[in-house]
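One structure below.
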Amino acid sequence: MDTRSLAVDVRAPSGLGRFGEYGGRFVPESLIAACEEVEHAFRDAWADPLFHGQLDRLLAVYAGRPTALTPAWRLSAELGITLLLKREDLAHTGSHKINNVLGQALLAKRMGKQRLIAETGAGQHGVATATAAALLGMSATVFMGERDIERQELNVFRMRMLGAEVVPVGSGSRTLKDACSEALRHWVSSVEDGYYCLGSVMGPHPYPWLVREFQRVIGDEARTQCATELRTATPDFVVACVGGGSNAAGTFAGFVDTPARLIGVEPEGGAAINSGLPGILHGFRTKVLQDEHGQISEAHSIAAGLDYPGVGPEHAYLADLGRAEYFTVSDAEVLDAVRRLAKAEGILCALESAHAVAWVLRAVEDGEIPAGSTVLLTLSGRGDKDMHTLMELS
Ligand SMILES: *Cc1c(COP(=O)(O)O)cnc(C)c1O
């Protein structure tokens, strides 16, 4: 495959925001102008060294970037490979989500908006949005399914401590997909001063592209750090977990023009790429979990952050092209991976991130990753939020 031409293709989607047959902008008439406003503002900001200066400074002095690249010494020795961990768990608020929200909050300010609107499932994106709003003196309105509010009490409390308004959503399955619909509806009625701060590489154009660009700092840093650590710029495998797909997209962006095998890991119960069919969800076309009538199915994963029935359009496209490969792991494998990483390296990672670890453990065992390989794995977040789940299961 000619990865160079592909890299160009993937770098910016077509004018319509398409990644192949995926992506696009399937929103009510009333939101077309709002999406265009965001797109123009982003193109303008992304070409402005002043904006990059502001963002880079916040990422450095507030979010704690660059995050470390840690060789997993003991696990590498056990597995017979060189495993490098990109430590997004060390970023402020405990995951990669801060990269995206700082970018979008700065963009919103530049657009003269005072209020961030967001959806959240597990609450991690809500917390990151509330954090950015507090930092920049803005207000935040976060939509969250009633069931998720019950399940994620602590994050609801965190958001309120940070000054955000959390709005319960009681429609449908009362989870993330309903919160997304409600946030979009709310945006329609408040486009004047409201900015929709989307949490992953999803939604109508330009969000999948814009969020990937804000997350590419993961891949760009890792590429430079790998060059130092490995003395060759590129690992053989680049692995990340996939919910909506933002930490994976940001990581892949740094390596899409190299020969590295790009691997996304989905939860067995929420495998939109492996088990979904093309459909339209929350303003964009992608692979979606659905029943035979086209009704959206619910995703189930031990990691609340991966419970989404769709996936970012760029991943659906990369999968069709064969440029990235997507595998699934079970909840049991994930639990085993969390424990193994904790004991071997002293790192308690998020259950989401442990999906990537679980795949590496299995792939070494079954020979998919040959002995002596170099593997870069993005550890998307820390596990503190999951201790309750782990306690109940042990
Ligand atoms: C939200 C979250 C994810 C899933 O989101 P992506 O957009 O797929 O990256 C993964 N890991 C952690 C720690 C998260 O908080």
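Counted over the chain, the DSSP beta bridges are approximately 30% antiparallel.
For the chain, leaving out every one of the GluC sites (Glu not before Pro) that falls in a DSSP loop and has at most 15 other Cβ atoms within 10 Å, the longest unbroken run is 22-191.
Residue order for Ile280, Ile347, fewest other beta carbons within 10 angstrom first, comes to Ile280, Ile347. Restricting the trypsin sites (Lys or Arg not before Pro) of region 167-273 to loop positions (DSSP other than H, G, I, E, B) with no more than 11 neighbouring Cβ atoms within 10 Å leaves Arg231. Taking every lysine pair in region 46-182 that is 8 or more places apart or spans two chains, those with Cα atoms closer than 26 Å amount to 5.
Based on the alpha-carbon gyration tensor of region 300-339 and its eigenvalue square roots a ≥ b ≥ c, which shape applies: rounded if a/c is under 1.5, prolate if not and a/b is larger than b/c, or oblate? Cα axes put region 300-339 in the oblate bin.
Laboratory data are not the source of any read-out in this text; all were calculated from the coordinates shown. Note that the structure is predicted; figures quoted are calculated from it, not measured. Methodologically, a virtual Cβ is constructed for each residue, glycine included, from the backbone with ideal geometry; neighbour enumeration extends over all protein chains shown.
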